[in-house]
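Every read-out reported here was derived from the displayed coordinates using simple, explicitly stated rules and does not represent laboratory data. Since the model is a prediction, treat every value here as computed from it, not as a measurement. Please note: Cβ atoms are built from the backbone with ideal geometry, for glycine as well, and neighbour counts cover all protein chains shown.
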């Protein structure tokens, strides 16, 4: 795993010569990293390797050695060290150049981090729990569905006043919300037709990064 040194050290950029990204095509969390890479013009840095989540390949010992929590995606660097967790991976990507997805200053960085986590916890995470529990624990699943709907309504209110989730610029928080739409599409969940939310989604789907990702995974853009 990656280690933090006792004193200040410089990142060795030859680590970027070969980054393997363990991936599952068009699932929401890997999709967010792909979109960030396209936004930064850095997608050529990574070589993708598919890990079939649905066949349990992520639970095999070789993969647990790379990411004990078994989640996707994961970066593996030239020296064998690995980086997981979508937010952390995008923060890493963002430090490699402009345009920034995580903020120019500490206030922007804090707001973008806050809103990204709100989208993850209140919408994406609740979507996952709704899907996982729909059959075995429908009562709990309904509470998660309500949480998703409340979260989408909350974001719609923000987008009624803002061009993007955090203001006037596309950021990691917007990418997280795109991930929620991707998951909704995967599980056939009908996203409410909140006006500001869908206006935002139609607009961001015109971005080259998102168009390219949809095309690369043979998915249709929303109509």
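What the table below lists for this structure:
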quantity	calculated
Paramagnetic reach from residue 146 (point 7 Å along Cα→Cβ, amide N under 13 Å) across region 99-139	139
Ranked 32, 132, criterion: other C-beta atoms within 10 Å, fewest first	132, 32
Sites residue 9 and residue 50 - FRET efficiency at Förster radius 35 Å, r taken between beta-carbons, to 0.05	0.60
Relative contact order (%) - criterion: Cα under 8 Å, at least six apart; region: region 13-94	38 percent
Crossing angle, helix 106-119 versus the chain [Cα axis fit, 0-90 degrees, rounded to tens]	60 degrees
Relative exposure of 202, 212, 171, judged by other C-beta atoms within 10 Å (fewest first)	202, 212, 171
Computed Rg/Rh of the chain, alpha carbon atoms with Kirkwood Rh	0.96
Angle in degrees between helix 172-186 and the longest Cα principal axis of the chain, rounded to the nearest 10	60 degrees
Cα centroid of region 170-222 to Cα centroid of region 8-42, whole Å	20 Å
Taking region 106-207 and dividing mean pair separation by its residue count, relative contact order in percent (alpha carbons under 8 Å, at least six apart)	31 percent
Relative contact order for the chain, counting Cα pairs under 8 Å that sit 6 or more residues apart, in percent	22 percent
Cβ-based exposure ranking for 191, 204, in which fewest neighbours within 10 Å come first	191, 204
Max mean-square fluctuation residue, GNM over the chain, Cα-Cα springs under 10 Å, options 103, 151, 56	56
Convex hull of region 115-183 built on C-alpha atoms - directionally averaged projected area, nm²	4.1 nm²
Global geometry of region 13-94, whether rounded, prolate or oblate, following the gyration tensor of its Cα atoms and the 1.5 cut on a/c	oblate
